[in-house]
Each structure stands twice: as structure tokens, then as C-alpha cells.
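Q: What follows is a single structure, and I will ask about it in a moment.
The values are calculated or read from the model by the stated rules, or taken from the named source; none is laboratory data. The model shown is predicted, which means the values in this text are computed figures rather than measured ones. Reconstructed Cβ throughout: ideal geometry from the backbone, glycine too, with neighbour counts over all protein chains shown.
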Amino acid sequence: MSTIDSELPLEPDDISDLIAMLRESTDKMHADRIDRGDLKILARTIRELRYAFKVFAGYRTKRKVTVFGSARTPTDAPAYLQAMELGKVMAERQWLVVTGAASGIMEAGHRGAGRENSMGLNIMLPFEQSSNEIIRDDPKLVNMKYFFTRKLMFVKECDAVVCLPGGFGTLDEGLEVLTLLQTGKRDMVPVILLDEPGGTYWKDFHAFVDKHLWGERMISHVDFRLYKVFDTVDETVGEIMQFYRVFHSMRFVRKQLVFRLQHALPEETLAEINRDFTDLLAKGEFVQREAFKEEADDYSLSTLPRLAFHFNRRNYGRLRVLIDLINDAKPPAIDEAKQHVPTLT
């Protein structure tokens, strides 16, 4: 068993068990005589993530868009100008722009958003990856040694993903996001593959997916709903903002999937959902309700209405279809006699 120094402050009850698990794992690694090289990887991983969590914790209340793209894109290229315009427009909507903090598309996103609205996750490489001048030395910049810790932060902390043209790294990052969405390892977010105006980089990618992945039945056709291909900033921003028009966020509570909503759904929309989306249910039906008591840890969202259901955790493309339907719903007519403040149950 691990021991706890009596002189150290005690952790809050809601995390003390997790801290104890970390200590126990550390003690077991020592007992298992783990190789020094492996321990160095683990120690560096924990250190990187601890610092990254600390930096991002101060900005959890702000929406963030992660922007991927080539570090080698010149400043006069259409894709660079496209990324700069995207950063500017998203910052005007009070979103933070998260990039890999290097040059090219990453610099363009930050240049458009400005230093105040930029966050960076820089990877330490012996070439081409020093942080750009917009984010350099900013407290919202995190430098990381490992790609896997960096990708975790890119995906974990974002509310939308936009991929512009890029090399192996961009394809790796974009495909990882789609894999996580398809398998339910990441909460649903909008993913946009953004070509330069009139460009075909992502259109050709989509054609490849259509011909080979779908054509050879390696994916379901509804998986195409997990991303959109555009070549204008207006379409991209419109898609992101529409995704959060009614839908706010999601989490699992008591084996039920819970959608937090900006407003309650009208009865006719709820009836349509219960009629057309039974394929998503493991049992029961879709129910509108107030917050579960288990959600009391996030008090800022406690008054939002919920849509709760026993999701079968199989078809996430269809889950995106459901979110799109919800976002098309108008607020229900207000009955003043029935208005009340939601309570935690």
C-alpha cells in the first residue's frame, strides 16, 4: 500500500481517491522494477499533462476551436489567409483559437485571433517548430515533448476542430479526431475540413474516403456526418455556431447519455426524436428533464434543460444526426403558468 505524508495537505474528498490511485501506481512501478527509460517516459508524460491541465483549467469556461494545418504554408498562400480570417472571426465571437503554435497555418490562426485569444501547444522538434511570434512567451503556450500528450490536449480541450491543408501531421491529427468521434472516445464536436477557396485538398480526401472506406464497407455511410468539407470561412463558422445553437454539451450519468440544451425542445420535436431515433436506444425512450444530482459538480450548467436516454453506444454518426435535428428546433411556446426554476434531483 502507498503511504501519505502526514505533513502534506489533504485533498478534497472528491479527488482524494484518484490521488491515492496515482500514488499506488507509482509505488507499484518501483516494486515492479520498471526500466529507467520507461519511467522517464512516464515521468515526463505526467509532468507535461499536469502543466497543460493547469494552463487550460483557467480557460474552461470559454469555447475553443482547434486549428490544424501545415507549418510550411507561406504567408501569402490562400490557405494562410483563410486561416487568418478564421482566427479573426472566431475571436470576434469570443472563442479561443488553439493551434500547434508554430509557423504556417498555425501562425495564421493566431495572427487572426490575436495574442489575447490564442492558445498554443508547441511540439519540441529539432527543426521547423519554434513557437510563432504571436504566442511566444505567452502564459497560454504549453511546450510538449510527446505528440501523444499534445494530441490529447488538442482534442480534450476543444469545442470544434478545423483542419486546413497540411502534411502527415495534419492528416494524423484530423484522422485521430474522426476515429475518436466514430468510436465514442470523445464527446461530439463539429469537424470541418477547410480547403482554400476553390481548393481540392479535402475534396480529394473526401473522394478517397467515399471510394475506398465507404465503397469497401470499412465505414458506415452515416459516418460521413462526422465531418464537413468547406472552402469558405463563412460556411465553417456557420457550421460551428449552428452546432451549439441548441445543443450545449454532453456527458454520461447513471448509464444514460445526457444532452445539456440551451433551451427545452418543443413537444413535437421530442415526439419526432422518439419516433425516428429508436435505433440509438438500448432501452426506454428519450426524456426531457432537469439536471441529475450527479451533475451538481458543474453548477454553472445546472439550470440548463436536459435530454436523457440510454444510448446503445454504437452509432455515433447517427448521434450527430440527432444533434443536427435538435439544433433545428425552435424554443417551445412559453407557458407562464408552468415556468419554474429547475432543481437538482
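Q: Among the residues of the range 110-132, write down those that are of a type outside the set (Phe, Trp, Tyr), at pLDDT below 95 and in a loop (DSSP other than H, G, I, E, B).
A: Hits for the range 110-132 are 124, 125, 126, 128, 129, 130, 131, 132.
Q: Need the failing condition index for residue 246 against (1) more than 18 Å from residue 161 (Cβ to Cβ); (2) surrounded by fewer than 16 Cβ atoms within 10 Å (Cβ to Cβ), just the number.
A: (2)
Q: Do you know which residues across the range 258-313 are hydroxyl-bearing (Ser, Thr, Tyr), surrounded by fewer than 19 Cβ atoms within 10 Å (Cβ to Cβ) and in contact (Cβ under 8 Å) with a residue 24 or more places away in the chain?
A: 300, 302, 303 - these are the residues of the range 258-313 that are hydroxyl-bearing (Ser, Thr, Tyr), surrounded by fewer than 19 Cβ atoms within 10 Å (Cβ to Cβ) and in contact (Cβ under 8 Å) with a residue 24 or more places away in the chain.
Q: Shifting gears a bit: Under 7 Å between Cβ atoms, which residue pairs at least 6 apart in sequence (or on different chains) link something in the range 29-44 that is on the phi < 0 side of the Ramachandran plot with a partner that is not in a helix (DSSP H, G or I)?
A: 44/145
Q: Oh, and also: Out of the range 254-299, which residues are farther than 20 Å from residue 243 by Cβ and small (Gly, Ala, Ser)?
A: If the condition is that a residue be farther than 20 Å from residue 243 by Cβ and small (Gly, Ala, Ser), then 271, 282, 284, 291, 296 are the ones that fit.
Q: Please report, ordered by residue number, the strands (runs of 3 or more DSSP E) entirely within the range 160-231 with at least 3 residues that are closer than 22 Å to residue 63 by Cβ and assigned by TED's automatic domain parsing to the domain that holds residue 318.
A: Correct list: empty, since no element meets the threshold.
Q: Can you give me the number of residues within the range 133-158 that are of a type outside the set (A, V, I, L, M, F, W, C) and in a helix (DSSP H, G or I)?
A: Of the residues in that region, 4 qualify.
Q: Here is a check on your reading of the model: is residue 172 surrounded by fewer than 20 Cβ atoms within 10 Å (Cβ to Cβ) and either out of contact with any Gly (no Cβ under 8 Å at 6 or more places or on another chain) or of a type in the set (A, V, I, L, M, F, W, C) (or both)?
A: yes
Q: Given the conditions (1) crowded, with 16+ Cβ neighbours inside 10 Å; (2) within 24 Å of residue 195 (Cα to Cα); (3) hydroxyl-bearing (Ser, Thr, Tyr), report the number of the one that residue 75 does not fulfil.
A: (1)
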